[in-house]
Structure formats: structure tokens, C-alpha cells
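All remarks here apply to the structure that follows.
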Amino acid sequence: MKDEKAVAIVTGASRGIGKAIAIELAHLNYNIVLNHYDFDDQGKSDSHWARETQEQIRTTGADCEILRGDISSKSDRDALVNFTKEKMERCDMLVNNAGVAPSKRADLLEATEESYDRVMNINLKGPYFLTQAIANWMIEQKKKNPERHYRICNTSSISAYTSSPARGEYCVSKAGLSMMTKLYADRLAEFGIVVFEVRPGIIQTDMTRVVKEKYDKLISEGLTPIHRWGLPEDIANAVGAIAEGRLDFCTGQVINVDGGFHLRRL
């Protein structure tokens, strides 16, 4: 008989926001399936960060299983679902966190189809169809275990509504993820499965390191009402509130974790 703890799949969970989310969920008594797709500086597959995160999670008393996989690949998505069924026998929460920025920022008038396809496949197509697979499994589980609670959370971005013409494909992918949240929240409500979008603002991660000086200046000048960078733990706290069931009557909601960036101010 497997552990009776709830189980969460967190994609893109070896570092940054995904790591913080996975650790927070472990503290909230979830066992974790950690998906990642890391490469080293030579472009070779690398599980170093995933193993470090796994060790940290296990110190909380939670189980943590690692599976490397490309969320944009159907075979890798299928492998993730089957791996979770085999190792954990259940999935109570899916956190679609994996995402990438364009490999190179390019003006909207010069951006390539290759970059567009890569970003959209990872940031939107992957979560769209992984959610489909997991949602169908959750429906099966709910029929057998009606007392359990099932939740899905998508990590979006303020780029879902904020124009950045030098990375248009990223903005479009996050806008699509936002609509995807609404669609699944609507479709799955009859089964008692709730779906949320957590929308980070300017967060200290590897992705934002290259623009640190730019945003240091903008934040100091008042870009956000709260004058600091966001931290991965800020996002994890919001996902934790969802995981605890505090927002189960709020399906389809966007939770802005952005220091107040979304406010329109005069």
C-alpha cells in the first residue's frame, strides 16, 4: 500500500519558482513528483539541481521522485503520467510551472518561427495537454475517492497582459495559458476539480538575471507599489494557499503575485 499522503506533480521544479513550490507543498504534507528538463553548460542533460531539490524535499519527511522530461513532447508527458501512477498511485495536484523565455530576445518584426514554436510548445501546448491527461485521471480518481480534493495550478506571468515586443512569443504563450486556466476551470467544475492561475510579476530567478540592472532601476523608481523584487517563495506561498484548500470556491481565479504591478495608478 502506497503512502496515503496527497501527491503533487510540479513541472520545471528543479530550480527557481518550481523548486520553491515543490518544497512548500512538501511542507504541506504532499509527496512530490519533480519534473525537470535541465542541461549543463555544454548542452548535456543534467539532473544535478533536481537531485539537490529532491534531497531538500526529503528532509521534510515527504517522498520525492524525479523524472526528467520535455513537457512539449507527448511521449514525455505520457511517461510523466505513467511514472506517477506507478510510483505514487495517485495525483491530487498538478502545478504547470515549466516555462521558457525566448533563447534570444528579438523585435516582433524580426522574431523567428523556430523561436515561436519552441516557446509556445513548452509554455502552452505542453501544459494544455498534460492538464488534459491529468484531469482525466483525476476524474477517475474522484469517482473512486469522492472525499479527496483535486487541484490544478498554472504559473503564468504579468506578460499575459503586458506588452513586451522583444519577446512577443512569450507574452502570447502566457496569455494563452491564462485562457487555458478559465477553460479547464469551467470544464472541470462539475467534477469538483478546481483550477487556478498564479501570475508572477518580477521575480528573482535565472530567467530574470540577465535584466537585473534594468529592473533594479525600474523598481526603485516605483514600477511596483511594493518596492522590491519578488521571490520564488512569494509564488510558493500563493500555490500553498491553493494546495491547502483555502480557495476551493474560487476556481478560475487569477492570483497576482506581483507587488501590486497590476494596479492602474495615477
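Look at V172 and say whether it is at pLDDT 95 or above and not in a strand (DSSP E or B).
Spelling it out, V172 is indeed at pLDDT 95 or above and not in a strand (DSSP E or B).
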Among (1) within 17 Å of the chain's Cα centre (by Cα); (2) under 24 Å from V195 (Cα atoms); (3) of a type outside the set (D, E) - the single one F83 does not satisfy: (1)
All positions within the stretch 186-196 that are in contact with a helix residue (DSSP H, G or I) (Cβ under 9 Å, 6 or more places away or on another chain) and closer than 20 Å to E140 by Cβ: R187, L188, F191, G192, I193, V194, V195
Extreme residue, surrounded by the fewest Cβ atoms within 10 Å (Cβ to Cβ), among residues of the stretch 145-185 that are basic (K, R) and in contact with a helix residue (DSSP H, G or I) (Cβ under 9 Å, 6 or more places away or on another chain): R148
Selection from the stretch 6-33 of residues that are without any contact (Cβ under 8 Å) to a residue 40 or more places away in the chain and at positive phi: N29
Candidates A26, A50, filtered to the one that is under 16 Å from the mean Cα position of the chain (by Cα), over 17 Å from M93 (Cβ atoms) and of a type in the set (A, V, I, L, M): A50
Members of the stretch 23-44 found to be touching an Asp or Glu at 6+ places or on another chain (Cβ under 7 Å) and either surrounded by fewer than 17 Cβ atoms within 10 Å (Cβ to Cβ) or outside any strand (DSSP E or B) (or both), listed by number: L28, Y37, D38, F39, D40
Cβ pairs under 6 Å, 6+ apart, first in the stretch 63-81 and under 26 Å from L28 (Cα atoms) and buried (at least 19 other Cβ atoms within 10 Å of the Cβ), second among the charged types (D, E, K, R) and modelled with pLDDT of 95 or more: C64/R58; G69/D76
Qualifying residue in the stretch 151-164 (condition: among the basic types (K, R) and in contact (Cβ under 8 Å) with a residue 60 or more places away in the chain): yes
Qualifying positions in the stretch 82-131 - among the acidic types (D, E) and crowded, with 20+ Cβ neighbours inside 10 Å: D92
Single residue of the stretch 1-22 satisfying the filter (over 21 Å from S75 (Cα atoms), of a type outside the set (G, A, S) and in contact with a helix residue (DSSP H, G or I) (Cβ under 6 Å, 6 or more places away or on another chain)) that is surrounded by the fewest Cβ atoms within 10 Å (Cβ to Cβ): R15
Residues (surrounded by 13 or more Cβ atoms within 10 Å (Cβ to Cβ) and not aliphatic (A, V, I, L, M)) located in the stretch 256-266: N256, D258, G259, G260, F261, H262
The stretch 199-255 - residue that is among the acidic types (D, E) and not in a loop (DSSP other than H, G, I, E, B) and, of those, surrounded by the fewest Cβ atoms within 10 Å (Cβ to Cβ): E213
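The values are calculated or read from the model by the stated rules, or taken from the named source; none is laboratory data. This one's a predicted model, so the numbers in the text were calculated from it and none came from an experiment. Quick reminder, even Gly has a Cβ in these numbers, built from the backbone with ideal geometry, and neighbours come from all protein chains shown.
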